[in-house]
Amino acid sequence: MPPLWKIKNEPFWFAGTLHFLKEEDYPISDILQEAINIAELLVLEDKDFLVKGQNLGLYEEGKNIQSELSSEAINLLLKRCEDVGLDFKVIQTFRPWKVAIVVLAKLWRSIGFSFDHSLDKYLLDAFLSSKNQVISLEDSLEVLLLFERLSREDQENWLMKSLESIELVTKHIEDLHEAWKLGSEELVIKLSHEPLKIIPNLFQRLILERNVAWLPKITKLIDKKDSALVAVGTAHLFGESNIIDSLISAGYNIERLA
């Protein structure tokens, strides 16, 4: 844990993260700890990700999720709230994309996963405690706005897919966790890329376009000879137009460590 790469003969690493993990996933590997000890700079998607987006995904006054979704979606949502022990009143004013995140997060916690145990947060805490520098590749509000701007139909489709049977959703998250621990490119692509393709253009915007936007920022850091650890979602480091392959194509000598 986790998938890890390094520029050969340079103190510059790339770690593939999951934004939810279990407490039992720690302690981290010796090879990642070495990167943390040496790197003077941590590069995250957004170092302030934990405090972003609280005011997004809310209906304006007079609307709520019951008035906006089909009866089929509402019935499924009510069932899932009951399944995971979530008070439906808490999410009545949330738009469907935000409801999906809240319900799934509640389910993940029930089987031991948490954003609080994410590798992103672990690395952030480690670098802040050592007074090393932490920078961001983007403002995560822009990512959340991708979901906010989806049509009502697309948001409902995303919600319905997210609220499949508890057994399917649980298996999916457990399988993705295992694929990440194994460092399996094939399985990570299947489990993290394919679901995004349900909604038109979402994979393009959430993965491919962000990869393109991040590359110049990363290459600038490499060329400055900064000692750094770049930690981004593993979905950005595997598969189509991924960051690692793009850097290798640009002439950087990158080797996989784990």
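The values are calculated or read from the model by the stated rules, or taken from the named source; none is laboratory data. Only a predicted model underlies this, so the values are computations on that prediction, with no experimental measurement involved. Positions of Cβ are generated from backbone atoms using ideal geometry, with glycine treated the same way; all protein chains shown enter the neighbour counts. Keep in mind that these areas ignore ligands, DNA and RNA; they rest on the heavy atoms of the full protein, side chains included. Shrake-Rupley method; radii C 1.70, N 1.55, O 1.52, S 1.80 Å.
Our summary gives the chain a relative contact order of 39 percent, counting only alpha carbon pairs under 8 angstrom and 6 or more residues apart. In the context of the full set of protein chains, the chain has a per residue accessible area of 49 Å² (1.4 Å probe). Of the cross-linked pairs Lys190/Lys220; Lys63/Lys89; Lys181/Lys224; Lys8/Lys225; Lys161/Lys190, those separated by over 22 Å at the C-alpha level are Lys190/Lys220; Lys181/Lys224. Between the range 184-253 and the range 43-101, what is the separation of their alpha carbon centroids in Å? That distance is 28 Å.
Whenever you get a sec, compute what percent of the accessible area on the range 46-160 sits on carbon and sulfur atoms (1.4 Å probe).
Working: 3080 of 6070 Å².
It is 51 percent, rounded to a whole number.
Show me the trypsin sites (Lys or Arg not before Pro) within the range 166-258 that DSSP assigns to loop and that have at most 10 other Cβ atoms within 10 Å of their Cβ. Walk me through the numbers on the way to the answer.
Numbers: sites: Lys171, Lys181, Lys190, Lys197, Arg205, Arg210, Lys217, Lys220, Lys224, Lys225, Arg256; in loops: Lys224, Lys225.
Hits after loop and neighbour filter: Lys224, Lys225.
In square nanometres, what is one fourth of the surface area of the convex hull spanned by the alpha carbons of the chain? Across all orientations, the chain yields a mean hull projection of 13.6 nm². For the range 66-102, trypsin sites (Lys or Arg not before Pro) are listed when DSSP marks them as loop and at most 12 other Cβ atoms sit within 10 Å of their Cβ; the list is empty.
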